[in-house]
Amino acid sequence: MLRVGLTGGLGSGKSTAAQRFAALGAQVFSADAIGRELMQPGEAVYAAIVAHFGAGVVSPGGTDGSPCGTLDRSALARIAFGGGEKNAGRLEELNAIVHPAVIARQAELIDEVAARDPNAVAIVESALIFETKYGGEGGCQRRFDKLIFVKASEELKIARFVARVAGGKTLGAEARRALEAEARRRIARQIDDESKAAKCDFVLTNDGSIEQLQAQVDALWPVLKAAAMQQPR
């Protein structure tokens, strides 16, 4: 089986690439989705977050659309990412709770796939494959056989982030500027694209249409399938 890490910066289009790989037959796991599952009430990660950051991160219901008792993701994001130089945020504290559990769950899911199909291609989509320091000795090179990087211009990444958050709503100039500034803050926290691309086996460029990105995925898919067949059992 081939273990693949699929990464890219905020707004790069890695999720679109992941969806195409899944349609072609890959077993795709989203680090964000796994994180959300582990942050549900009753999970150890949820309990650890509340114990560390306080009851203020628990939704009373209705404030962010979350049911009462779930994590208020907006409040948690404000604490984690902060805002401005005087409020740098507490992202590393949150990562120290979430990342080890997410990485452990990824390994469990990949092992389950391997048991079912030794010739499968298992892909983990994650924005922070290189940034996290909780992957154990050897880091991402130990966890994955191949790495794919999806890149896009910073201008496009910011525009996609703003559009995603807006959700189809028309934004005023002030709201748009605030989101653009938030996107830049998040991008600044990530390793630059050139450094990531140099460490990856394959690079997909997403500066054009969705169809153009999908065509690159389609061309790469048989290469990954062939590599999966060649992996030691």
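Values as computed for the structure displayed
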quantity	calculated
Enumeration of residues in region 1-22 that are β-branched (Val, Ile, Thr) and either out of contact with any Asp or Glu (no Cβ under 9 Å at 6 or more places or on another chain) or farther than 30 Å from Ala181 by Cβ (or both)	Val4, Thr16
In region 158-197, the residues that are out of contact with any Leu (no Cβ under 6 Å at 6 or more places or on another chain), in a helix (DSSP H, G or I) and either of a type in the set (Lys, Arg) or on the phi > 0 side of the Ramachandran plot (or both)	Arg160, Arg164, Arg176, Arg177, Arg184, Arg185, Lys196
Per-region count, region 5-28, residues of a type in the set (S, T, N, Q) and outside any helix (DSSP H, G or I)	3
Members of region 114-141 found to be among the charged types (D, E, K, R) and at pLDDT 80 or above, listed by number	Arg116, Asp117, Glu125, Glu131, Lys133
Residue list for region 113-134, restricted to those being assigned to a helix (DSSP H, G or I) and farther than 18 Å from Phe21 by Cβ	Ala115
Residue list for region 23-46, filter: of a type in the set (A, V, I, L, M) and surrounded by 13 or more Cβ atoms within 10 Å (Cβ to Cβ)	Ala23, Leu24, Ala26, Val28, Ala31, Ile34, Leu38, Met39, Val45
Any chance Gly83 is modelled with pLDDT under 95, buried (at least 21 other Cβ atoms within 10 Å of the Cβ), of a type outside the set (Ser, Thr, Tyr) and part of a loop (DSSP other than H, G, I, E, B)	no
Boolean, Arg143 is charged (D, E, K, R), farther than 13 Å from Thr7 by Cβ and surrounded by 15 or more Cβ atoms within 10 Å (Cβ to Cβ)	no
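This table checks each residue for (1) closer than 30 Å to Leu204 by Cα; (2) part of a loop (DSSP other than H, G, I, E, B); (3) without any contact (Cβ under 8 Å) to a residue 12 or more places away in the chain.
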{"position": "Arg36", "(1), (2), (3)": "yes, no, yes"}
{"position": "Gly56", "(1), (2), (3)": "no, no, no"}
{"position": "Gly69", "(1), (2), (3)": "no, yes, no"}
{"position": "Ala75", "(1), (2), (3)": "no, no, no"}
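Residue-by-condition table, conditions (1) crowded, with 18+ Cβ neighbours inside 10 Å; (2) acidic (Asp, Glu); (3) in contact with a strand residue (DSSP E or B) (Cβ under 8 Å, 6 or more places away or on another chain):
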position: Glu155; (1), (2), (3): no, yes, no
position: Ala163; (1), (2), (3): no, no, no
position: Gly167; (1), (2), (3): no, no, no
position: Arg176; (1), (2), (3): no, no, no
position: Arg189; (1), (2), (3): no, no, no
position: Leu204; (1), (2), (3): yes, no, yes
position: Ser209; (1), (2), (3): no, no, no
position: Pro222; (1), (2), (3): no, no, no
position: Ala228; (1), (2), (3): yes, no, yes
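The values are calculated or read from the model by the stated rules, or taken from the named source; none is laboratory data. As the structure is a computational prediction, the values presented were derived from the model and not from experiment. No Cβ is skipped: glycine too gets one built from the backbone with ideal geometry, and neighbour counts run over all protein chains shown.
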